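Taking it in order: structure first as structure tokens, then the write-up.
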Amino acid sequence: MCCSRWQGFSAAVLDDGACAAEDLGANFLLRETSVGQNRATAAVPHLQELNPMVTVTAMPRPTSDITPALLREGRFNVVLLSGPCKIAEVARVNAACREAGAAFFFVDMYGFLGFGFSDLGADFAYRAGSADAGDEQLVSVPCCTLGEALNTPWATLQARRFGTSPIYFVWHCLALFRDAHGGTLAEATPEAVHAFAAETCRARGVDASTVDAALLDTMLRCASMDVSPACAVIGGMLGQEIVKSIARKSKPLHNTFMLDALAQATPKGGLLCVLTPPSLSTKP
């Protein structure tokens with residue numbers, strides 16, 4: 001997790017995990033000498049080199065330490081949480097950000113596929129137009145919490161004009177399965193996950209084909225695997241969105257987005273899907 005705050009501009013990297021050998025292939029901030037060290041502590045010196053004007057600190061602490069009090073005391077105005085993480089914990093951190101007035105971002109990667117979410121607050125607004133031209137105005141973009149977004153009926157999402165990316169349904173099933181089985185997918189069998197997905201579809205009143213079987217297998221195989229190019233794409237996009245949340249100068253993504261870097265192998269090219277929860281949208 002990364003938190004940012006205004007003090008000039010500074011950032012804090014929160015992570016209580018130790019660096020493993022497999023982390024080196026996905027995080028260019030880590031070195032072979034980092035193995036066994038706390039990931040945040042090992043990454044900060046190399047992260048600091050990227051911009052000496054930004055103060056970067058390490059917080060070797062678990063996400064459970066993220067509370068409204070911590071965010072207020074540290075004057076954090078943006079929190080970026082990365083998976084894998086239980087939905088209940090993501091929702092809890094999201095609620096803490098709401099209470100403290102901080103923007104919240106979440107991303108969960110499955111190899112070349114990714115799911116992300118942003119909550120800039122119920123009263124977020126950005127400036128559109130130009131002050132010089134005399135047409136500058138505030139445009140309201142009310143955001144919902146992750147819990148509210150995930151409660152959107154799947155049938156409603158299917159009925160949207162351009163549909164909903166199948167990545168969303170597969171990610172949601174995998175996240176629910178992970179929560180129900182100890183917070184990990186490492187020992188999950190394809191048969192168990194497919195059965196769980198079919199039951200989830202029935203419980204949500206949609207056909208089992210809503211969860212794409214081939215995509216489910218792909219994302220299950222790639223669970224907890226970070227691929228540097230895909231992480232760079234979604235990381236760059238999130239960095240842009242974080243700047244928007246602070247500057248309030250451009251229209252932000254609203255609220256849920258999926259990255260399909262595998263689609264670049266097709267004539268359609270890479271795919272970035274953006275989903276606005278229907279309950280907060282004025283359009284179908």
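The values are calculated or read from the model by the stated rules, or taken from the named source; none is laboratory data. Small disclaimer: the values here were computed from a predicted structure and weren't measured. FYI the Cβ positions are ideal-geometry reconstructions off the backbone, even for glycines, and counts take in every protein chain you see. Protein only, heavy atoms only, side chains kept; ligands, DNA and RNA dropped before computing areas. Shrake-Rupley method; radii C 1.70, N 1.55, O 1.52, S 1.80 Å.
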query: Volume per residue, Å³, of the convex hull around the alpha-carbon atoms of region 36-93?
result: 106
query: Using only helices, what value at 222 nm comes out for the chain when you add -39,500 (n - 2.57) per DSSP H run of length 4 or more and divide by the total residues, to the nearest 500 deg cm²/dmol?
result: -10500 deg cm²/dmol
message: So, for the chain, what is the accessible surface per residue at a probe of 1.4 Å, expressed in square angstrom?
response: 49
- prompt: Where the accessible area of the chain is counted over protein heavy atoms with a 1.4 Å probe, how much of it, in %, is carbon and sulfur?
  reply: 56
- prompt: Using only Cα atoms, what Kirkwood radius does the chain have, in angstroms?
  reply: 20.0
field: Principal axis box of region 63-210, alpha-carbon based, largest edge first, Å
entry: 60, 41, 27
query: region 91-197: which GluC sites (Glu not before Pro) are DSSP loop and have at most 14 other beta-carbon atoms within 10 angstrom?
result: GLU136, GLU187
statement: Dividing the surface of the Cα convex hull of region 104-167 by four yields a projected area in nm² of 6.6
- request: Apply the Debye scattering formula to region 163-252, with a single equal point scatterer on each alpha-carbon and no solvent, then give log10 I(q)/I(0) at q = 0.14 Å⁻¹.
  value: -0.63
